[in-house]
Structure formats: structure tokens, C-alpha cells
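One structure below.
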């Protein structure tokens with residue numbers, strides 16, 4: 001591997017690792033605020049115990065997210081100094097605003113986690129709200145930076161030795177935050193967090209349910225997670241559709257790679273796994289007209305394509321497939337609840353093993369969708385780091401030795417990941433209800 | 001495709017404009033906050049590692065209680081400084097990344113291990129043997145990180161970081177931060193955070209535990225004195241421009257102010273005026289950083305990168321400054337709430353121990 005590949009590997013590894021905690025930092029507070037609110041109205045129910053347990057998990061998860069995020073902020077300079085030279089002045093503002101949002105999140109998280117015994121129940125619940133808001137807002141700011149990398153705006157160009165480059169003196173930091181991709185990417189990322197975290201939480205308690213630990217505590221946990229991702233997932237399909245259409249407009253190379261369109265033309269089929277396809281559907285989905293012409297990979301210059309466009313397609317299919325699996329889980333779950341209700345029972349959760357297994361699979365599926373969606377947008381942008389203006393090859397540091405730092409960070413993140421999972425599994429068994437199978 | 005030349009004159013010696021000065025001031029403020037608050041948290045790790053005597057367990061418990069609610073917020077000051085640096089002086093940030101990958105990577109790994117190990121150790125549901133091991137990692141990482149940061153900071157003033165005509169670093173990744181001076185600054189940073197932590201812990205402790213930390217603070221003060229005495233004379237050779245500015249230029253007062261605060265803090269500590277000792281320790285840290293900044297002016301990285309040369313467009317810096325000002329409206333009350341809850345008297349409006357839920 002050459003230095004560029006090591007740099008990309010280190011950045012990719014750091015982001016694959018960090019994004020898990022970003023998503024948890026965005027959506028777990030929403031869920032916790034929700035269950036703590038339930039606990040105010042139903043103090044005898046299992047909600048308070050859930051909120052307390054989750055707040056412990058959130059505290060540990062937040063730390064891992066904060067330290068890996070710190071590493072990332074410096075890795076921009078360590079690995080991509082020329083990206084910072086070109087982008088820092090144009091798109092630094094949302095980074096700084098994200099810093100503020102993150103600050104607020106850290107402050108209120110400290111109060112929340114350590115304040116259970118110091119605040120009245122209502123005040124404690126209120127403290128959770130800024131955590132949820134700032135978590136979501138910081139995710140939005142970072143996505144705004146990413147949207148700019150995909151469709152850079154907010155500057156004039158000047159002639160460079162190899163085509164137009166960014167004129168730093170013309171940087172307009174406010175306009176730069178309004179890349180055309182923002183309107184679709186930001187909601188898509190926020191919803192992805194709600195879907196993944198809802199699915200992840202539902203999976204933990206569905207697993208306990210499968211093991212016949214049908215306590216009120218596990219029931220409440222499964223219900224809370226499922227409610228959150230069931231609300232988010234239909235919206236996510238709409239958002240995903242709008243995102244894809246936007247990518248068709250703005251980034252034809254990414255569209256062709258993601259949808260696997262080999263040759264330019266109308267009436268493009270939707271490619272499914274195993275060589276199956278639905279005739280005309282990709283063209284139809286763009287503007288409800290099968291005659292819509294889509295640029296294929298054959299008409300996209302190789303300088304605009306990643307080394308292996310088929311990986312973008314695979315990631316795209318995995319993302320959509322994960323979403324479909326979770327949709328099936330949610331639909332069957334609520335159908336079962338409704339049927340039981342018709343039969344005169346109160347809100348009674350499914351005991352059907354297929355539904356429970358689907359919920360268990362929704363846990364990894366939601367995070368797989370986050371990772372593969374990230375891969376579509378990032379790997380699909382290659383070889384550019386600022387699309388049309390700066391390639392990763394030109395942005396990378398000229399210093400040697402990235403192999404060394406790559407290996408060091410790989411070992412670090414592997415160790416942190418393993419220990420974290422072990423600690424969280426211990427936490428799961430800490431609660432009497434989950435442990436005893438009450 | 002070659003790298004387009006973006007900054008032809010990042011060593012421009014023209015006077016920096018007002019937004020560059022304010023942005024540099026903002027970075028210094030963030031660094032002072034990080035050095036004082038975040039620094040004390042590293043110092044806490046140091047004293048955790050060196051917890052000794054009959055009250056070793058109580059010492060560790062106090063450190064964990066003191067850090068627990070606030071250390072993450074304290075840590076964000078670093079991210080804030082980094083983000084303002086790379087937005088307002090992007091070329092300087094790029095040069096820092098190219099020049100110092102080794103000490104920065106060491107510091108990043110230290111930051112990650114410190115934070116993660118502290119959180120894992122605080123996970124009371126985990127077995128105690130595991131938590132003890134995490135405590136050791138927490139302490140070790142707290143030693144390495146301030147040392148690496150201090151050495152990296154010294155390298156920026158060393159003159160050993162050189163650039164080619166395109167403004168890209170062409171010196172070795174080992175340049176600047178392995179000199180006796182840089183290692184001395186690393187040691188000074190480490191003793192300073194240990195001193196800060198011990199003086200702060202005196203405020204939180206009582207009785208014999210307070211005496212423990214008072215003794216540790218006195219020990220750290222000796223370490224600060226020794227490292228400063230050894231390191232400072234090296235400066236005339238290692239960082240001549242900084243030295244000239246400190247002894248003859250605008251930064252001259254700080255060569256007096258910082259030690260004065262240091263001695264005042266030590267005397268206060270000796271006569272058990274703990275609050276005064278802590279305030280003076282903060283003043284000493286701030287004076288060192290402001291003095292360093294004043295002595296470096298107008299360079300961010302001597303002698304290749306200046307404030308005006310590395311500056312982003314003025315409207316960008318203005319946007320950051322306005323954003324930072326507006327953000328303070330949210331940040332200051334939030335920080336006040338955090339610190340008053342856990343470090344001061346409880347404000348009756350929010351806290352009502354009677355109404356709080358019973359401890360589980």
C-alpha cells in the first residue's frame with residue numbers, strides 16, 4: 001500500500017469507528033428524554049430504571065465519541081493538510097459551531113449523568129433536553145461540512161495550474177453552509193441516527209424477550225426503541241428517495257455508481273442483488289417517467305470515479321436492504337400489536353419468534369445502514385475530497401510514516417471497541433430484571 | 001495534477017488585521033481554559049497514578065469525584081481551540097499537521113486512552129480488578145499527554161520546522177520536538193498540570209486528605225521550579241527569537257509576572273490559603289501562555305508562518321468571532337450551571353435535595 005492508501009485507511013477507520021458514537025450521541029439522548037418523560041407521568045413504571053441504565057451507557061459512549069472526535073479534528077491536519085489549506089477558511093464555520101454544540105452537549109451530559117441525586121425529577125428531565133438538541137445539531141453541522149465536500153459552494157474560483165481552484169479571499173462562510181446537498185443530507189443523517197439507535201435498543205430487549213425474560217422493564221425497553229425507529233423509518237425512505245434524486249442532479253458519477261448504471265440511456269432498471277432487476281424503475285423514480293435519461297459509468301471520466309464503483313453499488317444495496325429489513329420488523333411488530341388489541345387485549349407486545357428475531361437483526365441492520373450510507377457518500381465521492389477542486393491524492397500529507405500511525409490507531413480502536421462492548425454487556429446484566437429474568 | 005498553490009506568502013510579515021488578532025486572542029483564551037481546566041484533569045490522573053500512603057484510596061476517590069462531572073466539558077476547550085485555529089489560520093494548522101505528526105499522534109492516543117480508561121474505571125458495575133487496571137492506564141496516559149503537548153508547542157517556536165517554496169513542510173517529522181528545550185517544556189507542562197490539580201484538590205478536600213494534596217502541591221511546585229530553571233536558560237539557544245522577545249521585547253513583563261504568580265501561589269499554599277493558592281496558580285498558567293503568545297508574535301510557527309500570512313479571509317474570521325460571541329451566550333450560563341452544581345454552592349432554584357430522587 002502507498003502512503004495515500006494508508007492515509008485513506010486511517011481516515012476511513014477513524015470515521016467508521018467514530019460514526020457509531022456520533023449516531024448514538026445524536027439519538028440516544030432523544031430516547032432517554034422520552035423515557036424519562038414517561039417516568040414523570042408513571043413513576044412506578046420501569047421507565048426511570050431504563051433512563052438510569054441508559055444514562056450510564058450514554059456516559060461511556062459519549063466519552064469514546066469525544067476522544068475519537070478529538071482525534072479526527074487533528075487527523076484533518078495530520079493526514080490531509082492541503083485539504084485544510086483549501087477548505088479550512090471556507091467551511092470551518094460549521095466545524096466551530098459544531099464545537100459549540102458539542103460543548104453544550106458535554107456540559108449537560110455531565111449534569112445529567114451526575115445529577116440524578118442533585119436535581120428534582122423534573123429539572124433532571126429538563127437537563128436532558130439540551131443534550132438531545134445539541135447532539136442533533138452537532139450532527140447537522142458536521143453533515144453540512146460533508147455536504148460542502150460533495151457539492152462545494154461559497155467561493156469564487158481562480159485559475160490554477162490545473163484548472164480552477166478556490167479563491168480563499170472570496171470565501172463566504174455562510175453561503176458555504178448552504179450547499180445544495182444540505183437539504184437532503186442533513187435530514188437523512190438525523191433520521192439515520194434515530195433509526196439505528198431505535199433499532200439497536202429494540203434489539204437488546206427483543207433478545208431478552210426471546211430468552212423469555214418478559215419483564216415490564218424489558219417490555220418498556222423494546223417498546224421505546226421500536227417506537228422511535230418505527231416513526232423514523234418511513235420518513236427515512238422519503239428522505240432517502242429525495243437524497244438519491246438530489247445526487248442524480250448534483251453528482252452523476254455517484255448516482256451511476258450507487259445505482260450500478262453501466263451505460264447511459266433512458267428506461268434504466270432498478271438493480272437488485274443476484275442480477276435481478278425491475279425494468280425502468282430507476283429512471284421512473286427520478287421524476288416518475290421511465291424515459292428519464294441516466295448517465296452511465298461509460299460516460300463518466302475515470303478521473304471522476306472511485307477505483308471500484310461496484311463497491312459503491314454494493315454499499316448502496318446493503319443500506320437500502322437494511323432499511324427494508326427494519327421496515328418489515330416494524331410493520332410486523334405493529335400488525336401484531338394491532339391484532340392483539342382487536343382481540344381485546346391491552347398493548348401487548350409480540351411473542352412471535354420471527355418478529356422478535358427481526359427486531360434483534362434490526363440492531364446491527366441500523367448501524368450497517370449508517371456505515372454503508374457513509375460509504376456511499378464518501379467512497380462515492382472519490383477520487384475527490386472537495387469534489388471538482390481537490391483530489392485526495394493532492395490533499396494527502398507528504399510526510400512519511402502513515403503506515404505506523406494507521407497501525408497504532410487500528411490497535412487503539414480495536415482495543416477501545418472490545419473493552420467498550422465488554423463493559424456494556426456487563427451493564428446489560430447489571431439490571432436485576434435482565435439478570436434475573438423476572 | 002499537482003497541488004495548487006494556495007498560500008504563497010504564509011510568512012508574510014505585514015501587520016495582522018484586527019480579526020486575525022482577535023482570532024489569535026480567542027485561541028489563547030481557549031488554550032488558557034484548556035490548560036487550567038483540562039490541565040488539572042491530567043494532573044488528577046498524575047496524582048491518581050502516584051496515590052500513596054494510608055489514604056491512597058480516598059485520594060483516588062476524591063480525584064474521580066472532582067473530575068467526573070466536568071472533565072468532558074473541560075476537554076472540549078481543546079477541540080474549540082483546534083477548530084478556531086484551522087478555520088482562522090488554515091495554513092498554520094496544515095503546517096502543524098505536517099510538521100508534528102509524531103508528538104500529536106502520541107498526544108491523541110494519550111487523550112483517547114485517558115478518557116476511555118477514566119470512563120471505564122467509573123463503570124462501577126465492572127469487576128474491580130478491571131477497574132484498577134483502567135486506573136493505571138488513566139494515570140499513565142495523563143502523564144504522556146501533557147508532556148507531548150508541551151514538546152509540540154515548543155517545536156513551533158524552535159525554528160526547526162522548515163517549508164519549501166510552496167509552503168509545504170520539508171523538515172523531518174522528528175524536527176523540533178526532541179530537543180532538550182522541547183523535552184524541558186514537556187516536563188514543565190507536566191509539573192504545571194500536576195501543581196494545578198493538587199491546588200484545586202486542596203479546595204475540594206478536607207482534613208488529612210487536604211494535607212495530602214497540599215504536600216503534593218508543594219512537591220509539584222518544586223518540580224515546576226526545577227524544570228523552569230533548567231529549561232529557561234536553554235531557551236536562548238533553542239528558541240532565540242522567543243528569548244529575545246521575553247528578555248528585551250514586548251513579552252518582557254511576563255517573565256516577571258508568571259514567576260510572581262508562581263511564588264505567590266506557593267506562599268499561599270504554605271500558609272494554607274488554599275483559594276488564593278488556586279487563583280494564583282491559574283494566574284501563573286495564564287501568564288505563561290499569554291507570555292508565550294506575546295513572545296511568539298507575529299509568528300504562529302517561527303520563522304515561517306505568521307498571523308497575517310496564515311490568516312483566512314477577514315470575513316471568515318469575523319464569522320467565527322461573531323459565532324463565538326453568540327455561542328458564549330449559551331456556553332457561559334451552561335458552564336455556570338455545571339460548575340455551580342458540582343463545584344460550588346447549590347443554587348436553590350434548580351437543586352432541591354429534598355425533592356431529588358433517593359440514591360439507588
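At a glance:
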item	result
Number of positions in region A:173-188 that are touching a residue at least 40 places away in the same chain (Cβ under 8 Å) and either in contact with a strand residue (DSSP E or B) (Cβ under 9 Å, 6 or more places away or on another chain) or within 17 Å of residue A:251 (Cβ to Cβ) (or both)	7
Output for region B:218-242, where each listed residue is closer than 23 Å to residue B:176 by Cβ, in contact (Cβ under 8 Å) with a residue 40 or more places away in the chain and part of a helix (DSSP H, G or I)	B:227, B:228, B:230, B:231, B:234, B:235, B:237, B:238, B:240, B:241, B:242
Condition broken by residue A:43, with the remaining ones in (1) assigned to a helix (DSSP H, G or I); (2) at the interface with chain B (Cβ under 10 Å from one of its Cβ atoms) satisfied	(1)
Test: residue B:80 is more than 20 Å from residue A:72 (Cβ to Cβ), in a helix (DSSP H, G or I) and within 7 Å of another protein chain (Cβ to nearest Cβ)	no
Unique residue being more than 9 Å from chain B (Cβ to nearest Cβ) and not in a loop (DSSP other than H, G, I, E, B) when the list is A:60, A:113, A:137	A:137
Candidates A:176, A:208, filtered to the one that is within 10 Å of another protein chain (Cβ to nearest Cβ), crowded, with 20+ Cβ neighbours inside 10 Å and in contact with a helix residue (DSSP H, G or I) (Cβ under 7 Å, 6 or more places away or on another chain)	A:176
Number of positions in region A:151-168 that are more than 8 Å from chain B (Cβ to nearest Cβ), more than 10 Å from residue A:389 (Cβ to Cβ) and either touching a helix residue (DSSP H, G or I) at 6+ places or on another chain (Cβ under 7 Å) or surrounded by 13 or more Cβ atoms within 10 Å (Cβ to Cβ) (or both)	6
Residue in region B:53-70 that is touching a helix residue (DSSP H, G or I) at 6+ places or on another chain (Cβ under 8 Å) and farther than 18 Å from residue B:135 by Cβ present	yes
Residue satisfying all of: in region A:190-229; more than 23 Å from the chain's Cα centre (by Cα) and over 18 Å from residue A:354 (Cβ atoms); modelled with the lowest pLDDT among these	A:213
Checking residue A:274 against (1) closer than 26 Å to residue A:375 by Cβ; (2) free of Cβ contacts under 8 Å to residues at least 12 places away in the same chain; (3) not in a helix (DSSP H, G or I), the condition it does not meet	(3)
Search result, residues across region B:87-113 that are more than 7 Å from chain A (Cβ to nearest Cβ), over 16 Å from residue A:87 (Cβ atoms) and in a helix (DSSP H, G or I)	B:99, B:102, B:103, B:106, B:107, B:110, B:113
The listed residue being surrounded by fewer than 23 Cβ atoms within 10 Å (Cβ to Cβ), over 30 Å from residue B:171 (Cα atoms), in contact with a helix residue (DSSP H, G or I) (Cβ under 9 Å, 6 or more places away or on another chain) and touching a residue at least 40 places away in the same chain (Cβ under 8 Å), out of B:290, B:282	B:282
Residue in region A:409-428 that is closer than 16 Å to residue A:79 by Cα, at the interface with chain B (Cβ under 9 Å from one of its Cβ atoms), in a helix (DSSP H, G or I) and in contact with a helix residue (DSSP H, G or I) (Cβ under 8 Å, 6 or more places away or on another chain) present	yes
Extreme residue, nearest to the other protein chains (Cβ to nearest Cβ), among residues of region B:298-312 that are over 25 Å from residue B:193 (Cβ atoms) and touching a strand residue (DSSP E or B) at 6+ places or on another chain (Cβ under 9 Å)	B:310
Test: residue in region B:134-155 that is away from every other protein chain (no Cβ under 11 Å), buried (at least 24 other Cβ atoms within 10 Å of the Cβ), in contact (Cβ under 8 Å) with a residue 12 or more places away in the chain and farther than 19 Å from residue B:46 by Cα	yes
Any hit, region A:87-95, residues being over 24 Å from residue B:77 (Cβ atoms), at pLDDT 90 or above, buried (at least 21 other Cβ atoms within 10 Å of the Cβ) and more than 7 Å from chain B (Cβ to nearest Cβ)	yes
Only listed residue being under 27 Å from residue B:298 (Cα atoms) and touching a helix residue (DSSP H, G or I) at 6+ places or on another chain (Cβ under 8 Å), chosen from B:239, B:224, B:244	B:239
Within region B:316-325, tally of residues that are free of Cβ contacts under 8 Å to residues at least 12 places away in the same chain and more than 9 Å from chain A (Cβ to nearest Cβ)	2
Criterion (modelled with pLDDT under 90 and within 12 Å of residue A:254 (Cα to Cα)) met by exactly one of A:311, A:305, A:338	A:305
Odd one out for residue A:125 among (1) more than 7 Å from chain B (Cβ to nearest Cβ); (2) in a helix (DSSP H, G or I); (3) touching a strand residue (DSSP E or B) at 6+ places or on another chain (Cβ under 6 Å)	(3)
Filter pass, residue A:272 being touching a helix residue (DSSP H, G or I) at 6+ places or on another chain (Cβ under 7 Å) and away from every other protein chain (no Cβ under 14 Å)	no
All positions within region B:166-185 that are buried (at least 24 other Cβ atoms within 10 Å of the Cβ) and either modelled with pLDDT of 90 or more or within 22 Å of residue B:147 (Cβ to Cβ) (or both)	B:176, B:177, B:181, B:182, B:185
Condition broken by residue B:250, with the remaining ones in (1) part of a helix (DSSP H, G or I); (2) in contact (Cβ under 8 Å) with a residue 12 or more places away in the chain satisfied	(1)
Within region B:32-67, considering residues that are in contact (Cβ under 8 Å) with a residue 40 or more places away in the chain and outside any helix (DSSP H, G or I), the one farthest from residue B:211 (Cα to Cα)	B:50
Checking residue B:9 against (1) in contact (Cβ under 8 Å) with a residue 40 or more places away in the chain; (2) part of a helix (DSSP H, G or I); (3) within 14 Å of another protein chain (Cβ to nearest Cβ), the condition it does not meet	(2)
Flag for residue B:279 being at pLDDT 90 or above, in a helix (DSSP H, G or I) and more than 9 Å from chain A (Cβ to nearest Cβ)	yes
The one condition in (1) in contact (Cβ under 8 Å) with a residue 40 or more places away in the chain; (2) within 21 Å of residue B:73 (Cβ to Cβ); (3) in a helix (DSSP H, G or I); (4) within 7 Å of another protein chain (Cβ to nearest Cβ) that residue A:73 fails to fulfil	(1)
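The values are calculated or read from the model by the stated rules, or taken from the named source; none is laboratory data. Keep in mind that this is a model prediction, so the values were computed, not measured. Heads up, the Cβs are rebuilt from the backbone with ideal geometry, glycines too, and the neighbour counts pull from every protein chain shown.
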